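First comes the structure, then the notes that go with it.
The values are calculated or read from the model by the stated rules, or taken from the named source; none is laboratory data. All of these numbers come straight from a predicted model, not from anything done at the bench. Heads up, the Cβs are rebuilt from the backbone with ideal geometry, glycines too, and the neighbour counts pull from every protein chain shown. Please note that ligands, DNA and RNA were not included when accessible areas were found on the heavy atoms of the full protein model with its side chains. Shrake-Rupley method; radii C 1.70, N 1.55, O 1.52, S 1.80 Å.
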Amino acid sequence: MMKRKMNLQMTILSAIFLAIGLLLPCVTMNIPTVGKMLCPMHIPVLLCGFICGWPYGLIVGFITPLLRSVTFGMPVMMPNAVCMAFELAAYGFVAGFLSKKIYKDMKSLYISLIAAMLAGRGIWGLVSAAVYGLMGAEFTWKIFFMAGFVNAVPGIVIQLVLIPVLVNRLYAAGVIEAAYAEG
């Protein structure tokens, strides 16, 4: 009974993160360059992974860009939303998986977050290379490095500052404990 209640809570919370992931990019929707720099969909997916666990983070990460593309027309389905779906799924999975497996302190939160960010960008690069190749377009190392890292510096900084502090405070306050609980 307790496990069923916890699953229901995590499902509801995941739906909230999905909604945030759909709506947060509306802040930058009229300026796509700023949206690409701030990575607004990444934040709720990473939080979902840390707070709800890897299965929820994986699902919310995969669904968010696809649903946003269908609902709002941005990001464009091919190639952007499809490539982002795999990227964000990796973020949610790695953040949730590592936060469950390693020691629980600020250092481990940063390790989990950085690993999730690197894994997500790596997956994005691999999927982008495949999708762009199938479309007959070129996806070079320069494009990967510029789009995945250089242009995303403001979003990376926001994620590195906001997410560990927010997650740590929620755990410390006892508000959440599912994915982060010892065990």
**Prompt:** Only one of (1) over 14 Å from the mean Cα position of the chain (by Cα); (2) touching a residue at least 60 places away in the same chain (Cβ under 8 Å); (3) open to solvent by 70 Å² or more (accessible area, probe 1.4 Å) fails for Trp54. Which number is that?
**Reply:** (1)
**Complete:** Inside segment 1-25, the number of residues satisfying the requirement of being modelled with pLDDT of 90 or more and either within 16 Å of Pro154 (Cα to Cα) or hydrophobic (A, V, I, L, M, F, W, C) (or both) is 12
**Request:** Go over the candidates Val94, Val70 one by one and state the one that is in contact (Cβ under 8 Å) with a residue 40 or more places away in the chain and in a helix (DSSP H, G or I).
**Result:** Val94
**Fill in**
With criteria (1) open to solvent by 30 Å² or more (accessible area, probe 1.4 Å); (2) free of Cβ contacts under 8 Å to residues at least 24 places away in the same chain, Ala81 comes up short on (1)
